[in-house]
Every structure is written in C-alpha cells, then in structure tokens.
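Peer 1: Input: one structure, supplied below.
The values are calculated or read from the model by the stated rules, or taken from the named source; none is laboratory data. Note that this is a predicted model, so its numbers are computed, not measured. We place every Cβ from the backbone using ideal geometry, glycine too, and count neighbours over all the protein chains shown. Heavy atoms of the whole protein, side chains included, go into the accessibility calculation; ligands, DNA and RNA do not. Shrake-Rupley method; radii C 1.70, N 1.55, O 1.52, S 1.80 Å.
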Amino acid sequence: MVRVIMNIGIAMSGGVDSTACALMLKEKYQVKGFFMRLAQPDFDLQKIRVEKIADSLGIELHIIDLRPQFEQAVLNYFSGSYFNGLTPNPCVICNKEIKFGLFLDAILSSGMDKMATGHYARVQNEDGLYQLHTGIDPKKDQSYFLSRLNQHQLGSILFPLGGKDKESIYTFVEEKGFSHFRGQESQDVCFLEKNQIGSFLDTRKPEASSSGNIVSRCGNIMGRHTGLFHYTIGQRKGLGISHPEPLYVIGLDAKHNTVIVGNNDELFSKEIRVKDLHWLSGTTPELSTQYNVRIRYSHRGSTAALKLLANNSGSFIFSEPQRAITPGQFAVVYNNTELLGSGIIE
C-alpha cells in the first residue's frame, strides 16, 4: 500500500506557538511555512524573525500579502465600531474573514491539504460534523476567538497545541534548540503599536476625538469626555468626575456624543440581546437546554437559556446577573467544552 503524505501549510508568526506547531508536524507531514502581511507596524522585523525560524526549521516560507483585504474587513470594522459607541473584537473578525478565510484559501490553493496554526483549541470530527472544543489549558484557551468559523474552515485546519499546556510548549521547543522565546508573548492586537487604541483611532478619524458631555441616566450633566472611543462599559478611572459615590460608564451614546454614567448596580443585567447568530454546525442547538455563555474573552462564562427572535437575533437569559455587558462584543455559547456558536451583543 502506498502511503500518502499530507501537505500542511503552517501559519507562522515568529512566536513560540507556531514554531512548536511546525516542529511537531514536520515529523509526520510535508510542511511549508506561510506568513501574512497585514498592517503590522513592525512587519520588517517580524519578517526577518519568521525567515530565521523557517530557515532553522529547514522549511520553505511564503509571504501572503493581504493588506487591502485586512483594511476592508478588519480595520474598517474596528474603527467603525468604536466611532459608533461599540467595543469590537478584531481577532474574532480577522479569524473568520482573513486568517481562516482568505489566508486559508491561499494556502489550500498553493497545493496544501490543510492549514495548521498554534491556536490552543481542538477540532473533533463526530460522524462527519466538525466540532470546536476548548484547549485543555484554561489559561491559554483561544476557542472564543474562533466562534464565527464554519464547517469548511474547521475541516481544513489543524490545531496541534490544543491538547497541550503552555509550559510544555516552551519545554518542547527548547529541547529542539529554540531557547529564546520566553518573555516574548505577542501583543493582542497585531496592528496596534504598543496597544495605543486612542492614537490609532485618531489617525483614522481625527474629528471623532471631539469632546462631549458625561451625563447620568436621567440626563444630568456630570462632566466632559475627551472622545467617545476613550471609554468603555464598566470603566471607573479617568472620568474626571467628583461625586459622593463611585460612578462607572454604563453606556455610550454615539448619536449624541455622550458618555452615560451610573452606579455599580446599574452595570448588572440578567438578559442580553444579540444579533447575527452563528452556529458552527449550521443548525440551531436545542433551546430547552441551558448553556455556558461568555460575554467577553476574559469572562469565564455563566449559565443562560437561549431565546430566538426575528431576523437571526436572540436573547440570553442568565441565571445570575452579569456585569458590564458591552455592545459590540461577542456572546459565545458553550456546551461543556464544545463551542456551539455566537452572537454580537446589542
């Protein structure tokens, strides 16, 4: 019997995770490295780092330039969300449209059978249906950011690190001669220089920095803000308000350019509305079951029931009130370790 060896395209970033991914898979498959050019402010340095790693691994490296597409799909979404008083999650959108969208298509079109990345998540095939599960390291699980993927995407990718913990990855690459990675974690948002959201948005739309009123829920003027996108739901510090009780941002009104503040109790709610529901299986899950729903990446989740509404929208009714529910973020639905889908918080 002739053994057919799969061709795997490794999505490389120059970090420890993608390097470990390449080291693991090159022992079993024919592998090539692929690197995305997006809007990285330090692209030239990243390119040199990835080239050195690919050379050390002894694999080919191909650079895929997706700058115009990234601008359209991610940067416009990111800035537009903030300018409309929303808090976006660019990694979720990038994974859907760019990394596991156009980048994956380019890798498959080059002759690769599948793409592999260093994400801490797991894909399982149950009777022909692909399921996405959390990574076993709870501190590094990245399934939340993959909540908009579809069956084609899940069936075309490999996550070799999903069953590993971070420390074992460092140990593995160090045993292979790569000892320089500790303390070099990549930043969360690749296109921001030193995570300066305000500076980035100022360059996109300078007039959006115009000041406005900070008001109470009933409309009393409490102070002035320095541009709506500098504030987020739940924020307490930096408001510049003198008040007998602590005040928090409880709303952002882009139409009237106002920041709405209130007390801590006003940040809690048991029900949230979501739009653009997306299910990884392509079908709606059982409505009689309660699920674990995460309202942001750092949120560990809480039990909630799902109610479907018109126009592919719905609501989640939580067993316990949730704090600082933030429009624009993704509510992600889990059944134990399986990620079922997500909706955008309204």
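Peer 1: Among the residues of region 110-118, is any among the aliphatic types (A, V, I, L, M), assigned to a helix (DSSP H, G or I) and crowded, with 22+ Cβ neighbours inside 10 Å?
Peer 2: No, every residue in region 110-118 fails to be among the aliphatic types (A, V, I, L, M), assigned to a helix (DSSP H, G or I) and crowded, with 22+ Cβ neighbours inside 10 Å.
Peer 1: Just to verify a result, which residue in region 327-339, among those that are assigned to a strand (DSSP E or B) and over 26 Å from residue 233 (Cα atoms), is most open to solvent (accessible area, probe 1.4 Å)?
Peer 2: 335
Peer 1: Within the set of pairs 6 or more residues apart or between chains, which connect a residue that is without any contact (Cβ under 8 Å) to a residue 40 or more places away in the chain and under 12 Å from residue 287 (Cβ atoms) inside region 301-326 to a residue that is among the small types (Gly, Ala, Ser) and part of a loop (DSSP other than H, G, I, E, B) with Cβ atoms less than 9 Å apart?
Peer 2: 305/288
Peer 1: Could you list all residues from region 123-139 that are of a type outside the set (S, T, N, Q), open to solvent by less than 40 Å² (accessible area, probe 1.4 Å) and farther than 27 Å from residue 110 by Cβ?
Peer 2: 133, 135, 137
Peer 1: Identify, from the list 33, 85, 9, the residue that is touching a Phe, Trp or Tyr at 6+ places or on another chain (Cβ under 6 Å) and crowded, with 16+ Cβ neighbours inside 10 Å.
Peer 2: Testing whether each residue is touching a Phe, Trp or Tyr at 6+ places or on another chain (Cβ under 6 Å) and crowded, with 16+ Cβ neighbours inside 10 Å leaves just 9.
Residue by residue, here is whether (1) in a loop (DSSP other than H, G, I, E, B); (2) touching a Gly at 6+ places or on another chain (Cβ under 7 Å); (3) over 30 Å from residue 255 (Cα atoms); (4) open to solvent by 20 Å² or more (accessible area, probe 1.4 Å) holds:
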{"site": "141", "(1), (2), (3), (4)": "yes, yes, yes, no"}
{"site": "149", "(1), (2), (3), (4)": "yes, no, yes, no"}
{"site": "153", "(1), (2), (3), (4)": "no, no, yes, no"}
{"site": "168", "(1), (2), (3), (4)": "no, no, yes, yes"}
{"site": "173", "(1), (2), (3), (4)": "no, no, yes, no"}
{"site": "214", "(1), (2), (3), (4)": "no, yes, no, no"}
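Peer 1: Contact list please: Cβ distance under 7 Å, first residue in region 17-46 and over 18 Å from residue 106 (Cα atoms), second residue of a type in the set (Lys, Arg) and assigned to a loop (DSSP other than H, G, I, E, B), pairs at least six apart or on different chains.
Peer 2: Sorted first by the residue in region 17-46, then by its partner, the pairs are 23/176.
Peer 1: Does residue 229 satisfy the condition of being open to solvent by less than 40 Å² (accessible area, probe 1.4 Å), assigned to a loop (DSSP other than H, G, I, E, B) and modelled with pLDDT under 95?
Peer 2: In short, no.
Peer 1: Name every residue in region 223-252 that is hydroxyl-bearing (Ser, Thr, Tyr), touching a residue at least 12 places away in the same chain (Cβ under 8 Å) and farther than 24 Å from residue 322 by Cβ, in order of residue number.
Peer 2: Scanning region 223-252 gives a single hit, 226.
Peer 1: Taking the options 97, 60, name whichever one is within 24 Å of residue 120 (Cα to Cα), of a type outside the set (Lys, Arg) and open to solvent by 60 Å² or more (accessible area, probe 1.4 Å).
Peer 2: From the options 97, 60, the qualifying one is 97.
Every residue, every condition in (1) in contact (Cβ under 8 Å) with a residue 40 or more places away in the chain; (2) within 19 Å of the chain's Cα centre (by Cα); (3) closer than 21 Å to residue 134 by Cα, yes or no:
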residue: 261; (1), (2), (3): yes, no, no
residue: 269; (1), (2), (3): yes, no, no
residue: 273; (1), (2), (3): yes, no, no
residue: 276; (1), (2), (3): yes, yes, no
residue: 283; (1), (2), (3): no, no, yes
residue: 288; (1), (2), (3): no, no, no
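Peer 1: Inspect region 196-210 for any residue being out of contact with any strand residue (DSSP E or B) (no Cβ under 7 Å at 6 or more places or on another chain), of a type in the set (Phe, Trp, Tyr) and open to solvent by less than 60 Å² (accessible area, probe 1.4 Å) and give the result as yes or no.
Peer 2: Yes, some residue in region 196-210 is out of contact with any strand residue (DSSP E or B) (no Cβ under 7 Å at 6 or more places or on another chain), of a type in the set (Phe, Trp, Tyr) and open to solvent by less than 60 Å² (accessible area, probe 1.4 Å).
Peer 1: Follow-up question, since we're still on this one. Out of region 10-50, which residues are touching a Gly at 6+ places or on another chain (Cβ under 9 Å) and of a type outside the set (A, V, I, L, M, F, W, C)?
Peer 2: 13, 15, 17, 18, 19, 26, 32, 33, 46, 47, 49
Peer 1: Would you kindly identify the strands (runs of 3 or more DSSP E) lying entirely within region 265-318 that contain at least 2 residues that are open to solvent by 70 Å² or more (accessible area, probe 1.4 Å)?
Peer 2: Hits in region 265-318: 268-279, 302-309.
Peer 1: With the requirement that a residue be free of Cβ contacts under 8 Å to residues at least 24 places away in the same chain and within 13 Å of residue 120 (Cβ to Cβ), what does region 151-181 give you?
Peer 2: Matches in region 151-181: 167, 168.
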